[in-house]
Amino acid sequence: MIKFTIITLFREAIEPYLKTSMMWKATEKGLAEFDFVDLREFGLGPHKSVDDTPYGGGDGMLLRCEPVFAAIESVKAKEPTAKVILPTPAGATWNQKTARELAGDAHYIILCPHYEGYDERILTLVDYKVSLGHYVLTGGELPALIIIDSITRLIPGVLGGEQSAEIESFSDGDNIEYPQYTKPSDFRGMKVPDVLLSGNHGEIAKWRESHTKKAE
Ligand code: SAM
């Protein structure tokens, strides 16, 4: 069983996706569990404030240490071995190899910063810093979903065909899966390669092998 606890101010941005398609199936099959911690509950003062302005000046608001530490500690009190994942442009770029390494019997806490980011001291709690690439998103919610989805679909039993994850793109380094086609065999003059209609499994395997590419 893999478990993700998502610490966020915007549960509503994340939850519908986890109740859809393969993520929903994973929970229905008892292979994955997703739950949420509302960071606001750990906010300070009457307004439950979770952020403040940066020392040294600058635009935007940063997540403060106190609510984040309290939220993470509340999860760790029940699950001391849970590992913390932080989506951040300063992290290592996410890839299939890392997703595979993390896909197992484990509990991950994903912290979703928002606004201008987070107080640097929060990094002392973090096990994995993950970047989605060289662009800036509004918050950690989309990265959290991408991290959860890419890990959870690799848990044995989540995908229908057990081979699905073994032969798809990035299953072997930077390979990109061969082109695939379905019915009709001729759509507006665009024909499916004859070999795929031949029933000759050896030739089909050769064709697929020769049409597997490297990622750009
Ligand atoms: N001020 C930050 C900077 O310049 O690096 C950007 C903050 S961004 C608006 C708010 C949060 O979204 C980040 O702290 C991070 O959690 C998440 N985020 C944005 N872009 C990301 C990316 N490329 N990969 C992972 N997380 C990202």
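Laboratory data are not the source of any read-out in this text; all were calculated from the coordinates shown. Quantities reported herein were computed from a predicted structural model and do not represent experimental measurements. Every residue, glycine among them, receives a Cβ derived from its backbone with ideal geometry; neighbour counts consider all protein chains shown.
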Query raised in the report: Within the set of pairs 6+ apart or on separate chains, which have a first residue in the stretch 68-94 that is closer than 17 Å to E141 by Cβ, a second that is away from the ligand (no atom under 16 Å from the Cβ) and in a helix (DSSP H, G or I), and C-beta atoms under 7 Å apart?
Result: A71/F42
Requested in this report: Could you check, for the stretch 69-90, whether at least one of its residues is within 13 Å of the ligand (Cβ to nearest atom) and farther than 19 Å from R11 by Cα?
Outcome: yes
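Taking the condition surrounded by 14 or more Cβ atoms within 10 Å (Cβ to Cβ), within 26 Å of A77 (Cα to Cα) and within 16 Å of the ligand (Cβ to nearest atom), does I146 pass? Let's see the steps before the verdict.
Values: surrounded by 14 or more Cβ atoms within 10 Å (Cβ to Cβ): yes; within 26 Å of A77 (Cα to Cα): no; within 16 Å of the ligand (Cβ to nearest atom): yes.
Judged against the criteria, I146 is not a match.
Among the residues of the stretch 109-143, which ones are among the hydroxyl-bearing types (S, T, Y) and within 9 Å of the ligand (Cβ to nearest atom)?
If the condition is that a residue be among the hydroxyl-bearing types (S, T, Y) and within 9 Å of the ligand (Cβ to nearest atom), then Y115, Y118, S131, Y135, T138 are the ones that fit.
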Query raised in the report: So which of D35, D119, D52 is touching a residue at least 40 places away in the same chain (Cβ under 8 Å) and among the charged types (D, E, K, R)?
Result: D119
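Would you call I151 crowded, with 18+ Cβ neighbours inside 10 Å, within 11 Å of the ligand (Cβ to nearest atom) and assigned to a helix (DSSP H, G or I)?
Numbers: crowded, with 18+ Cβ neighbours inside 10 Å: yes; within 11 Å of the ligand (Cβ to nearest atom): no; assigned to a helix (DSSP H, G or I): yes.
Taking the combined requirement at face value, the residue does not satisfy it.
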Query raised in the report: Is it the case that the stretch 122-135 has a residue that's closer than 19 Å to L63 by Cβ, in contact with a strand residue (DSSP E or B) (Cβ under 6 Å, 6 or more places away or on another chain), surrounded by 18 or more Cβ atoms within 10 Å (Cβ to Cβ) and among the acidic types (D, E)?
Result: no
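Among the candidates T138, T182, which residue alone is within 30 Å of H114 (Cα to Cα), free of Cβ contacts under 8 Å to residues at least 40 places away in the same chain and assigned to a loop (DSSP other than H, G, I, E, B)? Walk me through how you get there before you give the answer.
Working: T182 fails: within 30 Å of H114 (Cα to Cα).
T138 is the lone residue from the list that is within 30 Å of H114 (Cα to Cα), free of Cβ contacts under 8 Å to residues at least 40 places away in the same chain and assigned to a loop (DSSP other than H, G, I, E, B).
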